[in-house]
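Visitor: Take this structure, written in structure tokens, and hold onto it; I'll ask about it next.
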Amino acid sequence: MTHAIRFHQTGGPEVLKWEEVQVGKPGAGEARIRHTAVGLNFIDIYNRSGLYPVQLPSGLGGEGAGVVEEVGSGVTELKPGDRVAYGNSPIGAYSEARLIPADRLLKVPDGIDDKTAAAMMLKGLTAQYLIRQTYRVKAGDTILMHAAAGGVGLILCQWAKHLGATVIGTVGSDDKAKLAQAHGCAHTIVYTKEDFVKRVGEITGGKKCPVVYDSVGKDTFLKSLDCLAPLGVAALFGQSSGSVEPLNLALLSAKGSLYVTRPTLFTYAAKRENLVAMANELFDVVKSGAVKIEVHQTYPLKDAAKAHADLAARKTTGSTVFLV
């Protein structure tokens, strides 16, 4: 019998249950995959807590890797036995096997193992759209990345350095500062000890940054605006500290004709051709060694509740993967 993590009510990690589920045959345009590894992401906490509502009862998770077992009618790009991964799909990754729209699946190239693939898809594709599309980072830029020792942070900082940018990263501890420095950050700011706005000004000689990537939200957002050069871009792509309060748009003019965006991977990767192009660019920088994907924590899938508690308590760094 196949098992999956399910929840019947929103709440803390304790609502997650390991249950038997039925997985049928794939319908038109679908594939059935058997997971080998599943990624953990902060959006999973948002879904579980009810911040991002889902229809209950529900599965969880949007990132995984595994093997195609069967394909439905109309699926021509995949066949049974193919190694695949995904980071932009309907939720339900916390499962031993599942049905999934085949157009969300990407073939994993040789040289990238399943655990790495499960750790890199959602976070890596997020980094791709942020630095290659939302604001196209170029050589000579000095950029600010909050939560630089997190899953997206470690990938984005390496990639931005590879592009020739200087990365300033905020972190919560000295240990996380060392980790961020080892993954592309030229400067780290421990926000519990230092005023990051002041430090950004010092590091940039008062010029500030053309872009700030902010997944923290409530605790950092207004200060993030103060780190931007005129015409700078604030890319708010998460809210781990809570939602940002309603914004008086006059602030954007007062602080230098700034741009604010709230991008999502769902939008950027909605079209199959865009998803494939983004993934190919991600696979290339990983295979080249320019971006190293490091899985710092693994848990059995049935222990998802403990993993959620550790992530929320900021006990994790980098990528976390469930082994199936």
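Visitor: Among DSSP beta bridges whose residues both lie in the chain, state the antiparallel percentage, nearest 5.
Guide: Once the DSSP bridges in the chain are tallied, antiparallel ones form about 55 percent.
Visitor: 222 nm [θ] for the chain, helices only, -39500 (n - 2.57) per DSSP H run of 4+, per residue, to 500?
Guide: -8000 deg cm²/dmol
Visitor: Please give the length that would be gained between Arg314 and Leu222 if that part of the chain were fully extended, namely 0.36 nm times their separation in residues minus their C-alpha to C-alpha distance (nm, one decimal).
Guide: Length difference between fully extended and current span is 30.9 nm.
Visitor: While we're on this one: Whose amide H sits under 5 Å from the amide H of Thr166, counting only residues 5 or more places off or on another chain, with H placed in the peptide plane?
Guide: Amide H to amide H, under 5 Å and 5 or more residues apart or across chains, Thr166 pairs with Gly140, Asp141, Thr142, Ile143.
Visitor: With a 10 Å cut-off between alpha carbons and a GNM built on the chain, which of Ala270, Ala148, Ala31 moves the most?
Guide: Ala270
Visitor: Further question on the same structure: Specify the residue with the greatest mean-square fluctuation among Asn274, Asn47, Asn248, computed from a Gaussian network of the chain linking alpha-carbon atoms under 10 Å apart.
Guide: Top of the fluctuation ranking is Asn248.
Visitor: Fewest to most neighbouring Cβ within 10 Å: what's the order for Ile155, Ile168?
Guide: By the 10 Å Cβ count, ascending, the order reads Ile168, Ile155.
Visitor: Anything over 18 Å Cα to Cα? Flag those among Lys115/Lys178; Lys17/Lys302; Lys161/Lys255; Lys107/Lys302; Lys123/Lys287, in the order listed.
Guide: Lys115/Lys178; Lys161/Lys255; Lys107/Lys302
Coordinate-derived values only; no laboratory data. The model shown is predicted, which means the values in this text are computed figures rather than measured ones. Backbone-built Cβ (ideal geometry, glycine too); neighbour counts: all protein chains shown.
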